[in-house]
Amino acid sequence: MEYAPVSHSQTTRPLVRLPSGGSVSVTVHRYVGGDGPTIYLQATQHGIELNGPATLRRLHEELTNRSIAGTVVVIPVVNPLAFDHRSYITPAEYDARNPNLNRVWPGSDDGSLQERLAASLWPLISSAEAVVDLHTGTADMLEHVRHFRDQPAATDLAKAFDTDYRLVDELESEAEFERGTLRAAAAHADVPAITVELKNSRQVVHSAVETGLSGIRNVLASRSVLDEPITESSEQVVLDRDGHAVTATESGLFELDPSLAVGDTVEDGDPLGVIYSPSTFDALETVRTKKAGTIYSLARESVVVTGERVAAIGEPV
């Protein structure tokens, strides 16, 4: 590796054209040092997930005053349509077929608007040696990193990011995969990638930003982009993300048991809360677990419809 002072450039990358003639574009930052690997970082696939770009702004302040080996490519707002509309997904007026950008990778040059947007960015991703995709969960989700099992390079990235929890799931076969998450598309292109879930969508939370910044530092250090040791805070708990989604069988007002919180361990058949009719006050359903494990996501006092997820439980690996 060759470490050299960073040269920073900022460019605008047009992605797709709107009916008015204007274009959807993203800002791409490049931090170039000496010879070394290329690492790709992005945030805000979902427009309300704000701690990702807040993390990358602080990373910018650090990298512009450092020496690195290699190149770090950063897109802080990868889905400007969702971000500008303050929406989780892209409004249906732009793409009713594929409103969720994180379901269309690697995109298609002749597909829907979102598929074309992804295809325009794909060359940056497929040419990288590692990918970090920053997301932000609800206030009631454990901060964690997701990666596929049996993917050693991605597992190493997830370990280096050093959140208290890692969630593993299965990569579908190449024959079954056509379009999907960025992480899955990258894995099929032999590019190790991790999905990071920081705390609390819709607002900047400084503890989440610090988790994101320290995690990215560790990832860059693990790839020798930064000449510094990896910081390890604790042993990670590994959960199987394919463990158990608890869904509502009735529609109504869900009231979570106030004694429960993410990180709690539950047993098979434990009650999580009750769904009431807000009009008649009748108790419609006691929602119960169907497997034992650790709660990593919860819906708290919310209106739910039949089939909607109210909790996610991961089984310890």
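Observations
- Ser9/Asp109 FRET efficiency (R0 30 Å; Cβ-Cβ; nearest 0.05): 0.70
- Cα-based Rg / Dmax (Å) for the range 77-204: 14.8, 41
- Distance (nanometres) between label positions extended 7 Å along Cα→Cβ at Glu174 and Ser23: 3.3 nm
- Paramagnetic reach from Phe281 (point 7 Å along Cα→Cβ, amide N under 19 Å) across the range 229-254: 252-254
- Label-to-label distance, nm, for residues given as Asp268 and Arg58 (7 Å Cα→Cβ offset): 4.3 nm
- Built amide H within the under 5 Å cut-off of Gly36, gap 5+: Gly70
- The chain - percent of accessible surface contributed by carbon and sulfur, probe 1.4 Å: 47 percent
- A DSSP coil position with no more than 11 other Cβ atoms inside 10 Å describes the following GluC sites (Glu not before Pro) in the range 222-257: Glu232, Glu235.
- Within the range 66-111, the trypsin sites (Lys or Arg not before Pro) that combine a DSSP coil assignment with at most 12 other C-beta atoms in a 10 angstrom radius are Arg86, Arg97.
- Nonlocal amide H pairs with Thr289, under 5 Å, H built at 1.01 Å: Gly269, Asp270, Leu272
- As a calculated quantity, the FRET efficiency between His85 and Ser234 at R0 = 51 Å, using C-beta atoms, amounts to about 0.85.
- For Gln151, nonlocal amide neighbours, meaning residues 5 or more places apart or on other chains whose placed amide H falls under 5 Å from its own, do not occur.
- Ellipsoid semi-axes in whole angstrom, largest first, where each is sqrt(5λ) of the Cα gyration tensor of the chain: 35, 24, 18
- Binning the C-alpha pair distances of the range 96-135 at 5 Å intervals from 0 yields a P(r) profile of 6, 27, 27, 24, 12, 4, 1 %, listed from the shortest bin outward.
- Rounded to whole Å, the principal axis extents of the Cα atoms in the range 162-317 read 63, 41, 30, largest first.
- Surface analysis of the range 220-293 yields an accessible area of 56 Å² per residue, using protein heavy atoms and a 1.4 Å probe.
- 3J(HN,Hα) along the range 230-240, derived from phi through the Karplus expression 6.51 cos²θ - 1.76 cosθ + 1.60 where θ = phi - 60°, amounts to 7, 8, 10, 8, 6, 6, 7, 8, 9, 10, 7 Hz, with x in place of Gly and Pro.
- Beta-bridge orientation, the range 69-228: approximately 25 percent antiparallel, per DSSP, counting only bridges with both partners inside.
- When Trp105, Trp122 are compared by accessible area at a 1.4 angstrom probe, the order from most to least is Trp122, Trp105.
- Straight-distance crosslink candidates among aspartates and glutamates, where the alpha carbon sits under 15 Å from Lys291 and sequence neighbours closer than 8 are dropped: Asp240, Asp242, Asp264, Glu267, Asp268, Asp270, Glu315
- Per residue, the range 100-191 exposes 37 Å² of solvent-accessible protein surface, assessed with a 1.4 angstrom probe and all protein chains in place.
- DSSP bridge pairs, the chain: antiparallel proportion in percent, nearest 5: 65 percent
- Placing +1 on the Cβ of every Lys and Arg and -1 on the Cβ of every Asp and Glu, with no other charges, gives the range 23-144 a dipole of roughly 180 debye about its Cα centre.
The values are calculated or read from the model by the stated rules, or taken from the named source; none is laboratory data. As the structure is a prediction and not an experimental result, all values here were calculated from the model. Ideal geometry is used to build each Cβ from the backbone, glycine not excepted, and the neighbour counts take in all protein chains shown. Only protein heavy atoms, including side chains, enter the accessible area calculation; ligands, DNA and RNA are left aside. Shrake-Rupley method; radii C 1.70, N 1.55, O 1.52, S 1.80 Å.
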